[in-house]
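Here's the structure we're looking at; comments come further down.
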Number of protein chains: 2
Amino acid sequence: MFELDLRSRKPIYEQLVDKLKELIINEVFKPDEQLPSVRALAQDLTINPNTIQKAYRELENQGFIYSLKGKGNFVSQNNGVMDTQKIDLVLNELEKLIQEAFYLGVKPSDLIAVIEKLKAPKGGDEYYD
Amino acid sequence: MFELDLRSRKPIYEQLVDKLKELIINEVFKPDEQLPSVRALAQDLTINPNTIQKAYRELENQGFIYSLKGKGNFVSQNNGVMDTQKIDLVLNELEKLIQEAFYLGVKPSDLIAVIEKLKAPKGGDEYYD
DNA sequence: CATACTGTATTAATCATATTAGTACACTTG
DNA sequence: CAAGTGTACTAATATGATTAATACAGTATG
């Protein structure tokens, strides 16, 4: 399904959270789609089921998935409600990175180009190549 | 000088790296300015000198500071040379955050506004381009 | 109802890392 | 020389991540 860096200083469960979040945001996993079971994914990635569960729990806390006992873990609906608290956190991180980019010599127009490139993937499958 | 969250899951030395990097980028610490000595900062923050040194070494590896034995640690000149490898890393992180922002309902125009806001240097007597 | 899936919880052991503590050495400055 | 600086090293401790094993509860299906 994807790769993990077991040697990384970044904990496995955090890598899992990041990757799964990315897949959800990019709608590789669609709303209400079932994620791999804790045990199945653990076997697939050759890591402990507890580590998978820890990642799933974190994703649930962050609102990206919901879980039903006995059924499985599923991708949350993106309900359109603005979570201002979370937005503030993301914008704060964003500001730091933008400043660092400026420091490295990236120009504002370059960043705006990035934004344009990633703008709202509303339509169907959009993979240019 | 600044505050650390000793309870945070984020290591102290990483918090230090982030904060110092921020101060350097925003030119609170100017090029060739001397940073607090390892021992002085350790005493100031009530943490171990080794932890400070670890942060300083990391900042040196990232090119933000340079150190002279017996003299001290100093802010690097921003030499204007494009470190494309580092830029790619930052842009990659940036893309993830931008996508997450979109997912949370932030509009492209909002992000562009953030860029415009940060475009101007903090120092004061600088000029725009 | 039995079986086999699912999520969840708990405990313990192990491993890796961060942090502290103490000491030592080399260099610079006055 | 004395007092400041960075740097290196070892050891002990603390914290967190990961694994392991087990158990329990809910769901689906034949």
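The values are calculated or read from the model by the stated rules, or taken from the named source; none is laboratory data. Nothing here was measured: the structure is a model prediction, and the numbers come from that model. Ideal geometry is used to build each Cβ from the backbone, glycine not excepted, and the neighbour counts take in all protein chains shown. Quick note on the areas: whole protein, heavy atoms, side chains included, nothing else; ligands and nucleic acids left out. Shrake-Rupley method; radii C 1.70, N 1.55, O 1.52, S 1.80 Å.
A few remarks follow.
- Ordering B:PHE64, B:ILE25, B:GLN43 by Cα displacement along the dipole of the range B:12-75 toward the positive end leaves B:GLN43 in first place; charges were set at the Cβ atoms of Lys, Arg (+1) and Asp, Glu (-1).
- Rounded to the nearest whole angstrom, the semi-axes of the ellipsoid equivalent to chain A, taken from the Cα gyration tensor as √(5λ), stand at 29, 19, 16, largest first.
- Comment: the Cα-to-Cβ extended label point of A:VAL81, at 7 Å, lies 5.3 nm from its counterparts in the other copies, nearest first.
- Mean separation of Cα contacts under 8 Å, 6 or more apart, over the residue count of chain B: relative contact order %: 23 percent
- Probe 1.4 Å, protein heavy atoms only - accessible area per residue of the protein assembly as shown in square angstrom: 65 Å²
- Here the protein assembly as shown has 48 percent of its accessible surface on carbon and sulfur atoms, given a 1.4 Å probe and all protein chains in place.
- Peptide A:91-97 - average C-beta neighbours from other chains (10 Å radius): 6
- If you count Lys pairs in the range A:12-75 whose Cα atoms are under 18 Å apart, skipping same-chain pairs closer than 8 places in sequence, the total is 7.
- Sparse packing (at most 11 other Cβ atoms within 10 Å of the Cβ) combined with a DSSP loop state is found for the following GluC sites (Glu not before Pro) in the range A:1-108: A:GLU3.
- Within a Gaussian network of chain B (alpha carbon springs, distance under 10 Å), most fluctuating of B:VAL75, B:VAL17, B:VAL90: B:VAL90
- Debye-sum result for the range B:12-75 in log10 I(q)/I(0), which assumes one identical scatterer on each alpha carbon, at q = 0.19, 0.21, 0.22 Å⁻¹: -0.64, -0.79, -0.88
- For the range B:41-85, trypsin sites (Lys or Arg not before Pro) are listed when DSSP marks them as loop and at most 14 other Cβ atoms sit within 10 Å of their Cβ; the list is B:LYS69, B:LYS71.
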